[in-house]
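Presented below is the structure to which this report refers.
The values are calculated or read from the model by the stated rules, or taken from the named source; none is laboratory data. Remember, it's a predicted structure, so these values are computed and weren't measured experimentally. Cβ placement follows ideal geometry from the backbone for every residue including glycine, while neighbour counts extend to all protein chains displayed. All accessible areas refer to the heavy atoms of the entire protein, side chains included, with ligands and DNA or RNA removed. Shrake-Rupley method; radii C 1.70, N 1.55, O 1.52, S 1.80 Å.
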Protein chains: 2
Amino acid sequence: MKELTKQQSKVLACVEVYLNKTGFPPTRAEICKELGFKSPNAAEMHLRALEKKGYITIQSGSSRGISVVRSQQSFEQSGDQIPVIGLVAAGSPTLAEENVEKRIPCDPNMFSDNFDYFLKVKGLSMIEAGIHEDDLVAIKKTSDVKNGDLVVVRLEDEVTLKYFKQTNHSLELIPANKDFSTIEIDLREQEAFIEGKSVGLIRTH
Amino acid sequence: MKELTKQQSKVLACVEVYLNKTGFPPTRAEICKELGFKSPNAAEMHLRALEKKGYITIQSGSSRGISVVRSQQSFEQSGDQIPVIGLVAAGSPTLAEENVEKRIPCDPNMFSDNFDYFLKVKGLSMIEAGIHEDDLVAIKKTSDVKNGDLVVVRLEDEVTLKYFKQTNHSLELIPANKDFSTIEIDLREQEAFIEGKSVGLIRTH
DNA sequence: AATTATACTGTATATTTTTACAGTATATAA
DNA sequence: TTATATACTGTAAAAATATACAGTATAATT
């Protein structure tokens, strides 16, 4: 997906907010009014650019004929179909279509903090925390984590779900199963990517 | 909510389908084309009726200024605010307002089976099934349960969440914690109300 | 120094769209 | 029988809207 300029981003946000508020897209003139432009052509140009970059489609000749194809803040707010990503041993959990096992209709604000996707749990390393195989852990993409948080960490090509504990250069990834041992990493020697943290869990009975 | 005439219902469905397909509402002329009317006024009249009955709002003077307020089908799928009921020792879990601890925005179809409310778990009797205190168990109201299902049962004034097992006149309510013992009931002597069964679980981290 | 991309103003016009008004037809209720 | 509600056709005008064209200005590349 191509990057948006600041102004294009503003226009897209404006369209999304308007849609959210009224249920139908804005006209060029309304976008101008909202963003302070004085010519409808200003909005027109930005819309054309957004169309060219694949964020919206414009139905030519139709009033308000704007469809938002890809929201810029994406699925985070639209409360619809949240993707489920398999916790595979290799590679980072990305939202690329090929990694999406399925989608679940639910609201990303159902937990205290909103979240971006579900991670399907493999293995028993967190079972004493009541996290079973095939449970779906709701992950918020962030690198802002605290000690004690349940986090998704990528070490080289391996992705794991563990409790987080960091002291100076030492990172500990702590399981909740006495048969597993804590992973200790010296951050001066090895990189660790924090993909996100868990804000909740769901399980189908 | 007032009842719709057949034609009004058709027009509302047409608007919803169009919105779903294009992302913006139809014009009067487009509704006519879709439903075979020959005058834009036909659509206009139906829209005005729909507005008067509270199904849509029309922004006067705006093209395509239609907002669907209440979708005609399915208030069940609109994935909104699911009540959370505390698992209190006394009384049946009802959806009466005074028993609703809070509401969670989510879709009742997020699990394999749809459900009616969340029950907040008290105690540790199911901990070996990975069900912790304060977990929210999604309950579908039904008395159609099988052995092995996780069910909500009311015994006199006590409500409990346990595994279900019935043989003839004997009902066993089985915990998932070796420190708790199975509740055995002779149904000829004592009544047991099956309030529903669990179809899923959520937990906030 | 010239080119290109971004970001607009300002104007104009063809087209789309809303919306009012004048009718017709039919079934149901008073 | 006379209203009254539903369900349209047909027309037309005013208003809303998309969209093309002609410019201006500025910062970043080449």
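Here are the numbers for this structure:
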{"quantity": "Those residues of segment A:54-110 which are within 25 Å of residue A:30 (Cβ to Cβ), modelled with pLDDT of 70 or more and not small (Gly, Ala, Ser), in sequence order", "calculated": "A:55, A:56, A:57, A:58, A:59, A:64, A:66, A:68, A:69, A:70"}
{"quantity": "Per-region count, segment A:166-205, residues among the aliphatic types (A, V, I, L, M) and more than 14 Å from chain B (Cβ to nearest Cβ)", "calculated": "8"}
{"quantity": "Those strands (runs of 3 or more DSSP E) lying entirely in segment B:96-173 with at least 3 residues without any contact (Cβ under 8 Å) to a residue 60 or more places away in the chain and aliphatic (A, V, I, L, M)", "calculated": "B:150-155"}
{"quantity": "Flag for residue B:57 being away from chain A (no Cβ under 14 Å) and open to solvent by 50 Å² or more (accessible area, probe 1.4 Å)", "calculated": "no"}
{"quantity": "Which numbered condition residue B:15 fails, given (1) within 12 Å of DNA strand D (Cβ to nearest atom); (2) modelled with pLDDT of 90 or more", "calculated": "(1)"}
{"quantity": "Tabulated pairs, segment A:39-62, first among the basic types (Lys, Arg), second more than 7 Å from DNA strand C (Cβ to nearest atom) and at pLDDT below 90, C-beta under 9 angstrom, 6+ apart or interchain", "calculated": "A:52/A:2; A:53/A:1; A:53/A:2; A:53/A:3; A:53/A:4"}
{"quantity": "Leading residue by the ranking (surrounded by the fewest Cβ atoms within 10 Å (Cβ to Cβ)) among those in segment B:177-205 that are among the hydrophobic types (A, V, I, L, M, F, W, C) and assigned to a strand (DSSP E or B)", "calculated": "B:193"}
{"quantity": "Selection within segment A:26-44 - surrounded by fewer than 16 Cβ atoms within 10 Å (Cβ to Cβ) and in a helix (DSSP H, G or I)", "calculated": "A:29, A:33, A:35, A:40, A:41, A:44"}
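The rows are residues; the columns are (1) under 23 Å from residue B:205 (Cα atoms); (2) surrounded by fewer than 22 Cβ atoms within 10 Å (Cβ to Cβ).
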{"position": "B:106", "(1), (2)": "yes, no"}
{"position": "B:118", "(1), (2)": "yes, no"}
{"position": "B:128", "(1), (2)": "yes, yes"}
{"position": "B:133", "(1), (2)": "yes, yes"}
{"position": "B:139", "(1), (2)": "yes, no"}
{"position": "B:149", "(1), (2)": "no, yes"}
